[in-house]
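Below is one structure, written out as structure tokens, with a few remarks after it.
Nothing in this text is a laboratory measurement; each read-out follows from the coordinates by a stated rule. This one's a predicted model, so the numbers in the text were calculated from it and none came from an experiment. Counting neighbours? That spans all protein chains shown, and the Cβs are built from the backbone with ideal geometry, glycine included.
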Ligand SMILES: NC(=O)c1ccc[n+]([C@@H]2O[C@H](COP(=O)([O-])OP(=O)(O)OC[C@H]3O[C@@H](n4cnc5c(N)ncnc54)[C@H](O)[C@@H]3O)[C@@H](O)[C@H]2O)c1
Ligand SMILES: O=P(O)(O)OC[C@H](O)CO
């Protein structure tokens with residue numbers, strides 16, 4: 001029997017740690033890189049990442065290090081589990097270390113502020129690899145539920161179907177079921193936009209609105225997300241799948257979502273600074289991506305009214321209540 005494949009996960013936050021556990025449970029030899037030496041040491045000694053997943057015991061086949069060169073040495077796949085707005089800078093530091101044939105896997109859900117690029121585009125550019133080497137994992141994947149081994153499905157997307165299938169095998173466990181897809185554009189646009197719509201749903205919840213409002217925001221949010229994706233060349237069917245509707249529902253409805261929770265705080269009247277402080281350094285990607293997605297939409301002549309008001313609440317001082325009234329007061333039109 002072939003020895004287990006070495007897979008490296010760079011980033012030991014909520015999702016990086018959880019995905020490393022999935023890969024280890026699937027039978028791979030997994031190395032997890034943490035920024036701080038004490039976090040890596042604690043994982044190796046106690047089998048726990050107490051800052052992010054205090055209740056989860058990590059498998060013994062998962063090893064942590066704070067040495068990126070040691071982490072990526074000999075890896076068949078390198079998983080990038082850092083926030084989308086720092087990925088370029090992080091990857092530039094790791095680029096000289098990467099094995100040339102490794103599949104580079106993005107877990108991040110966002111659009112870069114300075115360039116309006118998707119994460120796979122940033123990876124292809126900074127790592128200087130063919131896009132066939134770049135993959136994305138995205139779906140209704142709230143880290144805490146997966147770490148607790150609750151049944152979940154996801155999508156592994158790569159332009160090279162064979163690499164997608166190899167990664168699908170590498171992350172299949174009895175509780176985690178990946179499907180393949182080759183529509184990187186659709187999967188990434190869906191993953192970035194659902195965070196913004198989840199912020200809007202959180203704001204609505206904070207204002208005291210119920211399920212009709214949530215459902216209206218989810219449905220119209222999916223409509224504007226699909227419009228943007230199609231304008232960028234995505235397959236519209238992708239948005240009806242796990243990384244589209246699936247992730248949007250999970251994120252917009254769950255109190256575990258950082259984006260939904262952030263929006264809820266704003267809806268209850270907290271300031272941006274108060275909501276940021278309550279997040280304890282964990283990333284709410286939609287707060288930044290609402291601005292880059294809005295610009296990307298403007299560049300392609302796509303109307304995204306929910307994204308527009310989320311940007312104005314987060315960055316231009318619009319209050320959530322008038323934002324809701326503005327959405328309801330828009331020109332009437334056919335569905
Ligand atoms: N948490 C989830 O449930 C989940 C699920 C699916 C996708 N994602 C996506 O995965 C990505 C990572 O999310 P996460 O939940 O692991 O985030 P997190 O905030 O929990 O952890 C981020 C990790 O990146 C590291 N990092 C390295 N360089 C950094 C820098 N310059 N600035 C800040 N952090 C830096 C941090 O130390 C930390 O370990 C995000 O794009 C997120 O949208 C998260
Ligand atoms: O906690 P959030 O809002 O970053 O969402 C986490 C995942 O993206 C859900 O799939």
query: How high is the FRET efficiency between residue 70 and residue 316 when r is their beta carbon distance and R₀ equals 51 Å, given to the nearest 0.05?
result: 0.65
query: Rounded to the nearest 500, what is the chain's calculated 222 nm mean residue ellipticity when only DSSP H runs of at least 4 contribute -39500 (n - 2.57) each, over all residues?
result: -14500 deg cm²/dmol
query: Using a Förster distance of 30 Å, how high is the FRET efficiency between residue 113 and residue 215, based on the Cβ-Cβ distance and rounded to 0.05?
result: 0.50
task: Please report, in Å, the Rg and the Dmax of the chain, where both are computed over Cα atoms only.
output: 19.3, 64
- request: Please report, to one decimal in angstroms, the Kirkwood hydrodynamic radius of the range 140-206 built from all distinct Cα-Cα pairs.
  value: 13.4 Å
- prompt: Mind listing the Cα extents of the range 197-328 along all three principal axes, in Å, largest one first?
  reply: 38, 31, 27
- prompt: Taking the highest mean first, how do the peptides 106-119, 278-291 order by number of other beta carbon atoms within 10 angstrom per residue?
  reply: 106-119, 278-291
query: How big is D, in µm² s⁻¹, for the range 1-103 by Stokes-Einstein at 37 °C and 0.692 mPa s if Rh is the Kirkwood radius over C-alpha pairs?
result: 243 µm²/s
Protection proxy ranking of 241-251, 120-130, 87-97 - average other beta-carbon atoms within 10 Å, highest first: 241-251, 120-130, 87-97
Calculated P(r) of the range 74-128 - Cα pairs past 13 Å, %: 54 percent
task: Grab the Cα-Cα distance for residue 55 and residue 175, subtract it from 0.36 nm times how many residues apart they are, and report the gain in nm with one decimal.
output: 41.4 nm
- request: On a 0 to 90° scale, report how tilted helix 211-231 is relative to the longest principal axis of the chain, with both axes built from alpha carbons and the result rounded to the nearest 10.
  value: 70 degrees
query: How big is the gap, in Å, between the Cα center of the range 197-220 and the Cα center of the range 265-335?
result: 12 Å
query: In Å, the Kirkwood hydrodynamic radius of the range 269-335 over pairs of distinct alpha carbons?
result: 13.3 Å
- request: Work out how much length residue 300 to residue 272 would gain on full extension: take 0.36 nm times their residue separation and subtract the Cα-Cα distance, in nm to one decimal.
  value: 7.2 nm
task: Compute the distribution of all C-alpha to C-alpha distances in the range 87-193, in bins of 10 Å from 0, and list the percent of pairs in each, rounded to whole numbers.
output: 15, 45, 34, 6, 0
- line: Counting only backbone N atoms under 14 Å from a point 7 Å out along Cα-to-Cβ of residue 144, the residues of the range 50-70 in range are 51-56
message: What Kirkwood Rh does the range 6-182 have if only Cα atoms enter the pairwise 1/r average? Answer in Å.
response: 15.9 Å
Within the chain, percent of DSSP bridges classed antiparallel, to nearest 5: 20 percent
Two-site label geometry, residue 44 and residue 326: point separation in nm, points 7 Å out along Cα→Cβ: 5.2 nm
